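What follows is a single structure, written as structure tokens, with notes after it.
Laboratory data are not the source of any read-out in this text; all were calculated from the coordinates shown. Bear in mind that the values here come from a model prediction, so they are computed numbers and not experimental data. When we count neighbours, we look across all protein chains shown, and the Cβ atoms used for this are built from the backbone with ideal geometry, even at glycine.
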Amino acid sequence: MGQTVRHLLSAADLSREEIFFLLDAAAALKRRPQRLLEGRELALLFEKPSLRTRVSFQVAMRHLGGETIYLAPQEVGLGEREAIKDVSRVLARYVDVVAVRTYGQEIVEEYARYSSIPVINALTNEEHPCQALADLLTVREKLGNDLRGRSIAFVGDGNNVASSLVVTAASLGMDVRMASPRGYMLPENIITEASARAEESGGSLTLTNEPEEAVRGAELLYTDVWTSMGQEREAEQRRIDFAGFQLNRQLVSLAAPGALIMHDLPAHRGEEITDEVMESEGSIIFDQAENRIWAQAAVVAFLLGVADRIEH
Ligand code: CP
């Protein structure tokens, strides 16, 4: 059992200092890729489809001089063809680090309990910490490294992306606002964690059911799909429940002048965000996608113990 091995399963696994360290490391690697992981291998064990996470991990490892093995959803049968603990222990004999994309958070936690190598959460139903790091790297590029007091409004589902984002942004002292319909608010454990971090960092967390309240004067507007992977049967009900939570010209007009638009992708254009807003001048959506490479390169280097060798 890999109890002393460091994993990244949740945004809350990272201290405030480690978040700063990773964001600085990611920026340094973006300025100058460094071959810190020659001969090292990352396995991508994915039970759900992916464009950004898969490709950006593969490109990140190539920049670091390492290699990847991709295991597609139909290949391994985590917990079905084979027990989670057996898959975990076998893969640890072959590779140096593994990124797992799966369903419940408890699956990646069980996987990590038996892993003698670092495990990275590459998305679960509850968390998407790599996305949050890439998002904050992007925000720093646009607004500067000191994000204390800068305002970010997330409009939509209190889902995995929102959960990891609010914990990370609150750690950096940001003014975090979250607008969701009743019944779709952030989970209690996330609210507790983000509130504690906001208190420590001098930031704030505001929860509301009114998108206008969250967006008013905000410098950054973030949204995500109303129906995440695995919730497809709820899509029709969610379209009804999320009416009024679309990032459109009218809602954006309430934000700070020049507000920046964020989305983790894939987007359902015409649902949570209009074509017009996605394509608008303030959109930094594709910068977020690009920065997945550098945030994840920093995470892998950190978990494999070579991040202190990054030249800044
Ligand atoms: N944002 C994100 O995780 O995209 P993929 O699902 O394509 O990996």
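Tabulated data
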read-out: Selected from Thr223, Thr206, Thr124 as most flexible by GNM, with the chain as the system and alpha-carbon contacts under 10 Å; value: Thr206
read-out: Rounded tilt (10° steps) of 129-143 against the dominant C-alpha axis of the chain; value: 50 degrees
read-out: Relative compactness, the chain, computed as alpha-carbon Rg over 2.2 N^0.38 Å; value: 0.96
read-out: Value of relative contact order over the chain, rounded to a whole percent, pairs C-alpha under 8 Å and six or more apart; value: 21 percent
read-out: Vicinal HN-Hα couplings computed from phi for region 63-69 (Karplus, 6.51 cos²θ - 1.76 cosθ + 1.60; Hz; Gly/Pro x); value: 4, 7, x, x, 9, 10, 10
read-out: C-alpha center-to-center spacing [region 164-219, region 101-123] in angstrom; value: 26 Å
read-out: Choice from Ile120, Ile240, Ile261 showing the highest fluctuation, given a GNM over the chain with Cα pairs closer than 10 Å; value: Ile240
read-out: Among Glu234, Glu193, Glu290, residue whose mean-square fluctuation peaks in a GNM of the chain (springs only between Cα atoms under 10 Å); value: Glu234
read-out: Euclidean distance between Cα centres, region 284-312 to region 1-79, Å; value: 8 Å
read-out: The chain - mean residue ellipticity at 222 nm from DSSP helices (-39,500 (n - 2.57) per run, n ≥ 4, rounded to 500); value: -12500 deg cm²/dmol
read-out: Qualifying GluC sites (Glu not before Pro) for region 1-109 [loop in DSSP, other Cβ within 10 Å: at most 15]; value: Glu38, Glu80
